[in-house]
Amino acid sequence: MTALRIDLHTILSPSTFSAMTSQGFIYACITVVTWGIWLTPSEKVQLPNPQTRSFYVSVGNLFLATIALILVGPEKLSVDLFILPFLGGVIWAIAGMCAFLATANIGMAKAIGTWAPLNIVVGIFWGMILFGEFLDSGPLSLTLSFMSILMIMVGILLIVFSGQSKGETEQTRNVKAGFAGAIAAGILWGTYFIPTTYLARQNVEVNDWVTAFPMAVGMFAGSTALVLWGRKRPSCKNRSDYGRVLITGILWSIGNFSMLLMVQEIGLGKGFTIAQLCVAVAVLIGIFYFREPAPGSKAAKWTLVGVAIATTGGIILGNLKSGM
């Protein structure tokens, strides 16, 4: 019994934490912030359909990835380095289509509440199966990892459903199709970066700034196919709207770059789990900038509780050491 006893001093000791490097912390902050604010510039832009927003995200991402490739040297990109990241980009585009199906049928709150926790589970699953993450952890690290992941998932669910509006609950069409789309989005968005990460783990000389380009090409190809499938021109009402939707894509791209770098620093399972804290940033902007829900309301208070819980879980997870 004494061997299994864990006291507070052991849990809070420096040997248990301090796993995240300063670089990993910076990448995590950039990912969470940019993925939390990326929709803000184009929030009020009216687009013909959801596929159009995805298309402009892919255009902005391709623009930034092209600049990165030019800076590091196009000669570093080969056919072997192109195929897997390109596949990841196509997976991202398909996930976007599934997400649009989900939000159209069950509303944004239920859709995010389904795919965000599933993103975490899938990311951890791939990390364990492909890269052996968490498998070398001791009982204390496993326990704290499980608790912190659970806190993040509970926090995200509390954030999403406490801010749910009446309009969203009434806006249901095909519930089965909606949840099927949300589940598919959760699995695919938890998988799209696996080809690139796998390639980097197999070849230490792989440059994330180089492989981001074929991923961007895959996203663009997939998103273009979705726009053609929707049979509507990807046009905006005002010229200024084009710049706003492109900024949205560039912000997402910055988050994607930093997420890939973060995964290399702290691991796939931890990295993608922490990335989901972008939901907390998004709702804070919703409360204090768009006033949805209104600050001081019951929904806003419960949302902030969810933010606190999820953030605490993310801090714990990001700073855990393996082997404890």
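Taken together, the values in this text are just the output of simple stated rules run on the coordinates, not laboratory data. The structure displayed is predicted, hence computed values, not measured ones. Glycine gets a Cβ as well: all are built from the backbone with ideal geometry, and neighbour counts include every protein chain shown.
Helices from the chain with mean Kyte-Doolittle at least 0.0 and a Cα length along the axis of 20 Å or more, per DSSP H: which?
Span-like helices here: 22-37, 50-72, 79-131, 139-162, 175-189, 208-230, 239-266, 298-318.
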When each of 110/298; 237/301; 44/176; 44/270; 176/298; 176/301 is checked by Cα-Cα distance, pairs over 27 Å: 237/301; 44/176; 44/270; 176/298; 176/301
Ascending count of other beta-carbon atoms within 10 Å, so fewest first, for 81, 268: 81, 268
Added length on full extension, which subtracts the Cα-Cα distance from 0.36 nm per residue, residue 288 to residue 233: 16.4 nm
Over the chain: helical MRE at 222 nm, DSSP H runs n ≥ 4 each giving -39500 (n - 2.57), nearest 500: -25000 deg cm²/dmol
Range in the chain, longest, excluding exposed trypsin sites (Lys or Arg not before Pro) [loop by DSSP; at most 12 other beta-carbon atoms within 10 Å]: 45-172
Hypothetical label at residue 63: residues of the range 25-52 whose amide nitrogen lies under 14 Å (7 Å Cα-Cβ projection): 41-42
Ratio of the Cα radius of gyration of the range 46-318 to 2.2 N^0.38 Å, where N counts its residues: 1.02
Computed E for residue 72/residue 130 - FRET, C-beta separation, R0 25 angstrom, nearest 0.05: 0.45
The chain - percent relative contact order, Cα under 8 Å, separation 6 or more: 42
Environment charge of residue 200, counting only residues whose C-beta is closer than 15 Å and scoring Lys/Arg +1, Asp/Glu -1: -3
√(5λ) per eigenvalue of the Cα gyration tensor, the range 104-233, largest first, Å: 30, 26, 10
Fewest-first sequence of 189, 209 by Cβ atoms within 10 Å of each Cβ: 209, 189
Proxy reagent accessibility, fewest Cβ within 10 Å first, across 43, 265: 43, 265
